Amino acid sequence: MNREQLQRDFFPAEIMLKLYRDLAGSGAEAKIELIDEYIEKVRDSYDEDVLYIKQHNQIAHIYCMSEQHKQAISHFEMVVEKMAPDDYPPIYFLAINLLIRSNCILTNYDVAKKWGELALKNHHHADPISKLHILNDYMDVLSETETDLDKKHYSVIQSIIDEYGFPEKLGDPVETVRSMNKRHKFWARKMGDLTLAYAKTDGANTFEDLEQYIESCEIGWYKVHALKSLDLLKNKSAQG
């Protein structure tokens, strides 16, 4: 497989705009037809395995967004079974995350557990937030089946705490994961709001907003990210 091609942005902006804007009210079939047509157009320029993964991954997302979970599962399985975890972790682990979620929705709990265990087995290839999302959905499966998380996976939770600088202490694994997931959503959204506000203005009040964010943020990674953003803005302001 050509990993360089796999890890490159694939669908051009005009295709994605048409998919999510122009065809927003259309059924899955029309959206899939658009994807299939583009795949055929570029077929001679890409590795076949890359095309296979990109095509089925996008089709799976289309089905997932239209809540056709059985069809989404089929295509996400094609993606995961074609890949090694380190081929391109963002696609691999998001596909598994959605396999856990979709199977849980359909009450296929044993299958959802299988995907959860596979993701946790290969967790060292995933970034901390991918691991958090997977654990959060896996906890839904365990809750539905009244099953405890295997203690061998506690270290995965601790690794997320350590790598991202969460304030949580690992106690009850379900409560810890739920708390981290809620906290991450909150501070990620606030960072997104800051970024959007800066893009829509001339930067007025950005210094103060970032300083307030840094002072109040409870997650180490976001504090560091905000500090770097503040330094860049200060340097830019000093230069002119």
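A short reminder: the numbers here are calculations on the coordinates, not readings from a lab. Note that the structure is predicted; figures quoted are calculated from it, not measured. Because the Cβ atoms are built from the backbone with ideal geometry, glycine has one as well, and the counts that use them run over all protein chains shown.
Which one, 156, 174, 142, projects farthest toward the positive side of the charge dipole computed for the stretch 131-174 from Cβ point charges (K/R +1, D/E -1)?
Result: 156.
Return the Rg/Rh value of the stretch 115-185, two decimal places, where both radii are evaluated on C-alpha atoms and Rh is the Kirkwood radius. Let's see the in-between values first.
On the way: Rg = 11.0 Å, Rh = 12.0 Å.
Expressed as Rg/Rh, it is 0.91.
Let me spell out the model: positive unit charges on the Cβ of Lys and Arg, negative unit charges on the Cβ of Asp and Glu, origin at the Cα centre of the chain. What dipole size does that give, in debye rounded to 20?
In total the dipole reaches around 440 debye.
Any idea what % of Cα-Cα pairs in the stretch 123-240 are farther than 18 Å?
57 percent
Using each residue's phi in the stretch 124-140, evaluate 6.51 cos²θ - 1.76 cosθ + 1.60 at θ = phi - 60° and report the 3J(HN,Hα) Karplus result to the nearest Hz, with x for Gly and Pro.
The phi angles translate into 5, 8, 9, 7, x, 6, 4, 5, 5, 4, 5, 4, 4, 6, 5, 4, 4 Hz.
Run down the aspartates and glutamates and flag those whose C-alpha is under 19 Å from the C-alpha of residue 41, throwing out any fewer than 8 positions away in its chain.
Filter leaves 9, 14, 29, 33, 49.
Quote the charge dipole size of the stretch 123-240 about the Cα centre in Debye, to the nearest 20; the model charges only the Cβ of Lys and Arg (+1) and of Asp and Glu (-1).
On the way: 15 positive and 20 negative charges, 81 e Å.
Taking the Cα centre of the stretch 123-240 as origin, the dipole is about 400 debye.
For Rg and Dmax of the Cα atoms in Å, the choices are (1) 24.7, 84; (2) 19.0, 65; (3) 20.4, 60; which was calculated from the structure?
It is the one labelled (3).
Can you work out ³J(HN,Hα) from phi for every residue in the stretch 68-79, in order, using Karplus 6.51 cos²θ - 1.76 cosθ + 1.60 and θ = phi - 60°, giving whole Hz and x for Gly and Pro?
Per residue, the Karplus-derived 3J(HN,Hα) values read 9, 5, 4, 5, 4, 4, 4, 7, 5, 4, 4, 5 Hz.
Using Cα pairs under 8 angstrom and six or more residues apart, how large is the relative contact order of the chain, in percent? Don't skip to the end; give the middle numbers.
Numbers: 221 pairs, mean separation 27.0, N = 240.
After rounding, I find 11 percent.
Would you mind checking the pairs 151/228; 54/228; 200/234; 113/152 and listing those with alpha carbons more than 25 angstrom apart?
Details: 151/228 37 Å; 54/228 34 Å; 200/234 18 Å; 113/152 15 Å.
Beyond 25 Å: 151/228; 54/228.
Quick one: dipole size for the stretch 64-133, taken about the Cα centre, charges +1 on Lys/Arg Cβ and -1 on Asp/Glu Cβ, in debye to the nearest 20. Show your work: numbers first, answer last.
Numbers: 7 positive and 8 negative charges, 33 e Å.
Using only the charged Cβ atoms, the result is roughly 160 debye.
With each label point set 7 Å from Cα along the Cα-Cβ vector, what nm distance links residue 214 and residue 18?
Taking the two extended label points, one gets 4.6 nm.
Among 64, 88, 120, whose Cα sits farthest toward the positive end of the charge dipole of the stretch 3-147 (+1 at Cβ of Lys/Arg, -1 at Cβ of Asp/Glu, about the Cα centre)?
Highest projection toward the positive end goes to 120.
Given the C-alpha centroids of the stretch 69-139 and the stretch 172-240, what is the distance between them in whole angstrom?
The distance from the Cα centre of the stretch 69-139 to that of the stretch 172-240 comes to 29 Å.
Enumerate the calculated ³J(HN,Hα) couplings along the stretch 86-98 in order (Karplus 6.51 cos²θ - 1.76 cosθ + 1.60, θ = phi - 60°), each rounded to whole Hz, writing x wherever the residue is Gly or Pro.
8, 4, 6, x, x, 6, 4, 7, 5, 4, 5, 3, 6
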